[in-house]
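Since the structure comes first, as structure tokens, the remarks are kept for the end.
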Amino acid sequence: METILQALDEMKLEMENGDILVVASKVVSVVEGRIVSLSSLKPSRKAKLLARKYSLEPAFVELVLKESDAIYGGVYRALYTLKDNILTANAGIDHKNAPPGSAILWPKDPNRSAEKIRRKVRAFTGKRIGVSIIDSRVAPLRMGTIGVTIGASGFELLRDCRVQKDLYGKPLVITTHALADDIASAAHLVMGESAERVPAAIVRGAPARMDGQSAKIMMMPPERCLFMGVFKPRARIRPSG
């Protein structure tokens, strides 16, 4: 965080009240020491079978097994997993921009990390801001990645539109607006996906109030989820010991 604050100072950028600081999850993970050497892992039989089926490294799959809450199948080079109530590829674990022979995990507690960052920025700048920790994900039947919020603090994350009406006066029955994920995708657009070296972005003027919504508000029970309702997990993962 100190590096980001120093960069803001060097670039003569000042945070303003209402800004949202979006930080790449990988940056937070590196600071928190969430880097794993794949050579330290001994692949299980299950990991070897999944690795063979989906063209992945056995040690990498073993790490995915340890980090996932459930696995729903996969495709070439990716397992479809549940991690911290978020559907994502490979439990958020990534080889990309990791040291050779290593992989980077998601932050241990992204919401707590976001809160710590927000408090540091508040102490340094005196400004009331929000913080979002983001990663990338894919959407069903769509090519390419988009941004997703995995941890946040200090701003309106979700807006319930069910109290509103459409242009014809009809009540909105199920619509909610995922403000945090829209903001994540906007930041993801400028932060990039390869070697851009843009670890953070300031989102200014977003139509989101500064408040204390819990990140849990974004989570949906499996029985209400469109995607979860059409398939069952192929494997339930228990902690290895």
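Some observations on this one:
- In summary, Val138 fulfils each of the numbered conditions (1) modelled with pLDDT of 95 or more; (2) at negative phi with the single exception of condition (1).
- Among the residues making up the stretch 61-88, those that are of a type in the set (A, V, I, L, M, F, W, C) and surrounded by fewer than 21 Cβ atoms within 10 Å (Cβ to Cβ) are Ala70, Val75, Ala78, Leu82, Ile86, Leu87.
- Filtering the stretch 125-171 to residues that are touching a Gly at 6+ places or on another chain (Cβ under 8 Å) and hydroxyl-bearing (Ser, Thr, Tyr) leaves Ser132, Ser136, Ser153.
- Counting the residues of the stretch 87-119 that are of a type in the set (A, V, I, L, M), farther than 11 Å from Ala215 by Cβ and not in a loop (DSSP other than H, G, I, E, B) gives 6.
- Screening Gly74 with (1) in the same structural domain as Ala114 (by TED's automatic domain parsing); (2) assigned to a strand (DSSP E or B) gives one miss only, at (1).
- When Leu8, Leu21 are checked against the criterion of being modelled with pLDDT under 95 and crowded, with 17+ Cβ neighbours inside 10 Å, Leu8 stands alone in meeting it.
- Filtering Ser68, Ser132 for residues that are touching a residue at least 60 places away in the same chain (Cβ under 8 Å) and assigned by TED's automatic domain parsing to the domain that holds Gly151 leaves a single hit, Ser132.
- The stretch 213-230, residues that are assigned to a loop (DSSP other than H, G, I, E, B) and surrounded by 10 or more Cβ atoms within 10 Å (Cβ to Cβ): Gln213, Ser214, Met219, Met220, Cys225, Phe227
The values are calculated or read from the model by the stated rules, or taken from the named source; none is laboratory data. All values reported here derive from a predicted model rather than from experimental measurement. Heads up, the Cβs are rebuilt from the backbone with ideal geometry, glycines too, and the neighbour counts pull from every protein chain shown.
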